[in-house]
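One structure below.
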Amino acid sequence: MKKLVSIISIITILIGVIGFSQSRKELKQIQKWLKSVGLRYTIHDLKRLKGLLLQSMQVKSLPKEIGSLENIKYLQVDRNQLKSLPKEIGNLKNLQRLNLYGNQLKSLPKEIGNLENLESFYAGENQLKSLPKEIGNLKNLKVLSLHKNQLKSLPKEIGNLENLLTLSLQNNNLKSLPKEIGNLENLKVLHLEKNPITEDKVEKIEELLPDCKIYH
């Protein structure tokens, strides 16, 4: 029995060492990538990093190792040249604010739905044509900004965002919204300006959201 316990202990230690080594390797990759865009961080700094600001730095992609920044709460990569996001972004479980405004994103990975602590999500002025249904998993989301994209529809799961206060959808190609939008009982502001939604559809939305200020 003692021998078995010793073997288990050794295996546990080895797994811990391997995990630490892998994590350090990923952080080194992040360190190298950040240096390429003009930012210098030590590995120690990256381990404690709470926020990362990469505004207007001509960033064309995010490395998959971005998912190793497990303590990060704020990620701002607005006004860059991103065309896609790595699925590993879904590993940032402590993320509260994500700003992707002003890029060239055509889609979002389904793993975006793993960001369970996200409260503010800005993805305006991109080229999004649709949203993954997993967007409905963001139960703590309060602000969702998707203006100036190419959205033609929203997934019905949008109605799961029970804590949403502000939803910005202006300047898209939306002709209607799913009836589940009526589940957003806490929604206070809805922007629908410059969408091809007819007045009768807007009236139905107003009936579904009687306590929400709707701009159209």
- Restricting the search to the range 145-167, which residues are assigned to a loop (DSSP other than H, G, I, E, B) and either more than 23 Å from residue 100 (Cβ to Cβ) or not aliphatic (A, V, I, L, M) (or both)? 147, 148, 149, 150, 152, 153, 155, 162, 163
- Report yes if some residue within the range 186-201 is assigned to a helix (DSSP H, G or I), free of Cβ contacts under 8 Å to residues at least 12 places away in the same chain and not hydrophobic (A, V, I, L, M, F, W, C); otherwise report no. yes
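Restricting the search to the range 109-124, which residues are closer than 21 Å to residue 165 by Cβ and part of a loop (DSSP other than H, G, I, E, B)?
Quick first cut of the range 109-124, residues closer than 21 Å to residue 165 by Cβ only: 112-113, 115-124.
Within the range 109-124, 115, 116, 117, 118, 119, 123, 124 qualify.
Against the definition (surrounded by fewer than 16 Cβ atoms within 10 Å (Cβ to Cβ) and in contact with a helix residue (DSSP H, G or I) (Cβ under 8 Å, 6 or more places away or on another chain)), how does residue 134 come out, yes or no?
On the way: surrounded by fewer than 16 Cβ atoms within 10 Å (Cβ to Cβ): no; in contact with a helix residue (DSSP H, G or I) (Cβ under 8 Å, 6 or more places away or on another chain): yes.
So residue 134 fails the test.
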- Message: Being in a loop (DSSP other than H, G, I, E, B) and within 15 Å of residue 126 (Cβ to Cβ) narrows it down to one residue among 82, 95, 39; which is it?
- Response: 82
- Message: I'd like to verify a number: residues in the range 168-185 that are outside any loop (DSSP other than H, G, I, E, B) and closer than 20 Å to residue 124 by Cβ, how many?
- Response: 2
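Coordinate-derived values only; no laboratory data. The structure displayed is predicted, hence computed values, not measured ones. Heads up, the Cβs are rebuilt from the backbone with ideal geometry, glycines too, and the neighbour counts pull from every protein chain shown.
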